[in-house]
Amino acid sequence: MIDWLSFILIPLGYGFMIRGLIAALMVGVVCAVLGAYIVLRGMAFLGDALAHAILPGVAVGYLLAGNNPAWLTIGALVAGVVTALGIGRISRGGLKEDTAIGVMFTGMFALGIALISTARSYTVDLAHFLFGNVLGVSDRDLWLTGIFGGLVILTILAFYKEFLVISFDPVLAKTLRLPVTFLNNLLLLLIAVTIVLSLQTVGVALMAAMLVTPAATAYLLTRRLPVMMALAATIGAMSGIIGLYLSFYVNIASGPAIVLTCTFFFLLAFVFSPRQGLIIRNQKGQK
Amino acid sequence: MDIVLGISGGVEHDLSRPILELKEVSVRFNGVPALDQISFQLQKGERVAVIGPNGAGKSTLFNVIAGVLPPNQGQVKVYGNIPGEHICIAYVPQRSQVDWRFPVNVADVVMMGRVRKLGLLGWPKPGDWKYVHEMLELVGMNYLARRQIGELSGGQQQRVFIARALAQEAELILMDEPLTGLDARSQEEIFSILEKLRQRQVTLMIATHDLNLAAERFDRLMLLNERLLGFGHAAEVFTPDLLSQAYSGHMRLIQTPNGTMMISDTCCGGGETEGRKERREERKEKRDD
């Protein structure tokens, strides 16, 4: 017993670990709850693309104002809006949407890397943007993550039934005269904000995992949306904490450790889910 | 269902006007006409079957009436106002257009019909849930209120969406091929529900490929193929002339000593074989679950 206790307590002796754990927990919850809509609406690729495409905005903010979260956020939002508009414009030009996403996000991502490469501390900065640096979280970062993460969750709760309708039945949303365009844009904005506040925890390259994997895991386990959101949030939070402990003891990078924990939970559900897991499906198939 | 709709918007209903009026409505997709100069009127409480071959524009017509698709030309009026201001029109989608794996149960889906009445930021109150369960009771589905929607049979799924239209307090319900793929018993259950809707003075437009049911069970038939070819009782619409105009490529009229005989190829949606195929696919999906 004593061993387990010290196993848990030793990392908590370090201030950076405590701040990292709080950040990973908050980001895990916010990403997972928003991720429920991303999974249900089939927006996984768009989420991944947006995560990459904000890089030039973050880079400009970083080069101009250093590590100031406000400027990073504004830069990311501008880049996110430019990307979303670009995708819309290109797909109206007759190309399929996933093609438009592919063109836009790689172009923006390359621009971001090009901009960061002009800085002297190129490799370190780039690695932090790409893979996160959760152990470098400051107290101010924590407050900002808490406030903006809280706003994202509150908005999702406030527009719960409207987001449900536009996701399940867009025609019903239109016949009920809901503000469909506004709601779609609001959802994109929430994704962009969530990406920015997750940047330091998992980084651009692995962001999609936090948005998609916990929600996909929950989808395999339940058939009610509120339950799916709660389960996803739990899985996201647990992955953040377990991943950081893993990173501490096994000495691997924190971002990948968190994402690998998510993936592990997903595989568990994929094999053992009582509703639609591999085992159950095989048994049904044999009947 | 009085003159004024609920707190949450929608416009006042001028009951002296027809519930639905179309004036020379035309729709083109990339220059290709889908609907051409459609004009007609519907009175409150009427039941109309919309028939015509695949690609005749039935779904397009419903989208225009629902206010989802603005027409290129012409006017749609609901009680004298444009439909984009109304929340009294419900669209019951084709079953193939619904994501049946979505994590919602039967009562959740029906409550969606009340989302606008609850208003932005509003949550369902006990009265709303009571209304939802009453509507489910009306279509005989309340005992399955907590069932996930993918676990229902085709007929049950259709009934849930009718309950949703009722929860919306719709006065005009558009149903896109509600009978496709259903067995005779499920079709009969749907018709007994439609009978209850008639008592509630709900106006109905139903797109169908089943010409016999259309002729037997509806007040008027609307024969559509880009243009409105006929609109009236079965005897007025089912004439050799109009039918061959509508179904020219899909059927052939043959004169026999016993009268006119029609040979048709019910391509997609309406035919018995198609229905059987759908049921087979349904069973397969259930296994996959």
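Nothing in this text is a laboratory measurement; each read-out follows from the coordinates by a stated rule. The model shown is predicted, which means the values in this text are computed figures rather than measured ones. When we count neighbours, we look across all protein chains shown, and the Cβ atoms used for this are built from the backbone with ideal geometry, even at glycine.
Taking the DSSP beta bridges with both ends in the protein assembly as shown, the antiparallel portion is around 60 percent. Residue-normalised convex hull volume from the C-alpha trace of segment B:1-142: 158 Å³ per residue.
Partner shielding of A:159-172 amounts to 6, given as the average count of beta-carbon atoms from other chains within 10 Å of each residue beta-carbon. If you take all other residues with their beta carbon under 12 Å from the beta carbon of B:LEU221, and give Lys and Arg +1 and Asp and Glu -1, the sum is -2.
Please work out the Cα center distance from segment A:139-179 to segment A:61-90, rounded to the nearest Å. First find each Cα centre; the distance between them is then 21 Å.
Label positions at A:VAL82 and A:VAL124, each projected 7 Å from the Cα along the C-beta direction, are separated by 2.7 nm.
Protection proxy ranking of B:198-208, B:107-117, A:243-253, by the mean of other Cβ atoms within 10 Å over each peptide's residues and highest first, is B:107-117, B:198-208, A:243-253. Of the peptides A:45-56, A:3-14, the ranking by mean beta-carbon count within 10 Å, highest at the top, reads A:45-56, A:3-14.
Ordered by the count of other Cβ atoms within 10 Å of each Cβ, fewest first, B:LEU166, B:LEU144 give B:LEU144, B:LEU166.
Relative to the Cα centre, the charge distribution of chain A, modelled as +1 at Lys and Arg Cβ and -1 at Asp and Glu Cβ, gives a dipole magnitude of about 900 debye. Computing FRET efficiency as 1/(1 + (r/R0)^6) for A:LEU63 and B:ALA235, where r is the C-beta to C-beta distance and R0 is 56 Å, gives about 0.10. Each label was represented as a point 7 Å from its Cα along the Cα-to-Cβ direction; for A:ASN251 and B:GLN43 these points are 8.8 nm apart.
Legend: calculated FRET efficiency, A:LEU189 to A:LYS96, from the Cβ-Cβ distance at R0 = 30 Å, rounded to 0.05, equals 0.80.
Pairwise over distinct Cα atoms, reciprocal of the mean inverse distance: report the Kirkwood radius of segment A:166-243 in Å, one decimal place. About 14.3 Å, per the Kirkwood formula over Cα pairs. Amide hydrogen proximity for B:GLN94: with H placed 1.01 Å from N in the peptide plane, the residues at 5 or more positions away or on another chain lying under 5 Å are B:ASP176. Which pairs in the list A:LYS96/A:LYS161; A:LYS96/B:LYS117; A:LYS96/B:LYS58; B:LYS44/B:LYS125; B:LYS58/B:LYS125 are over 32 Å apart, alpha-carbon to alpha-carbon? From the list (A:LYS96/A:LYS161; A:LYS96/B:LYS117; A:LYS96/B:LYS58; B:LYS44/B:LYS125; B:LYS58/B:LYS125), the Cα-Cα distance tops 32 Å for A:LYS96/B:LYS117; B:LYS58/B:LYS125.
Each Lys or Arg adds one and each Asp or Glu takes one away; over the other residues whose Cβ falls under 13 Å from the Cβ of A:VAL103, this sums to 0. Annotation: the residues A:HIS128, B:HIS86, sorted from fewest to most other C-beta atoms within 10 Å of their own C-beta, follow the order A:HIS128, B:HIS86. Mean per-residue shielding of peptide A:221-229 is 3, counting Cβ atoms of other chains within 10 Å of each Cβ. Each residue of segment A:141-148 was assigned a 3J(HN,Hα) from its phi angle through the Karplus expression (A = 6.51, B = -1.76, C = 1.60, θ = phi - 60°), giving 4, 4, 4, 5, 4, x, 5, 6 Hz with x at Gly and Pro.
Taking 0.36 nm per residue of sequence separation and removing the Cα-Cα distance, the A:LEU268/A:PHE16 pair yields an extension gain of 87.7 nm. Taking a Cβ cut-off of under 10 Å around B:PHE40, the surrounding Lys, Arg, Asp and Glu residues balance to a net charge of +1, with basic ones at +1 and acidic ones at -1. Cβ-to-Cβ counts within 10 Å put B:ASP99, A:ASP169 in ascending order as B:ASP99, A:ASP169, the fewest first.
Overall form of chain A: oblate. Here a/c, set by the Cα gyration tensor axes a ≥ b ≥ c, is 1.5 or more, and a/b is not larger than b/c. Distance from the alpha carbon centroid of segment B:26-56 to that of segment B:81-116 works out to 22 angstrom. Overall size of segment A:114-248 from C-alpha positions, given as principal axis extents largest first: 55, 34, 25 Å. Pair-distance distribution of the protein assembly as shown: all C-alpha pairs, bin width 10 Å, starting at 0; shares per bin in whole percent are 3, 15, 22, 22, 17, 12, 6, 2, 1, 0. The magnitude of the dipole of the protein assembly as shown, with charges of +1 and -1 set on the Cβ of Lys/Arg and Asp/Glu and taken from the Cα centre, is near 720 debye.
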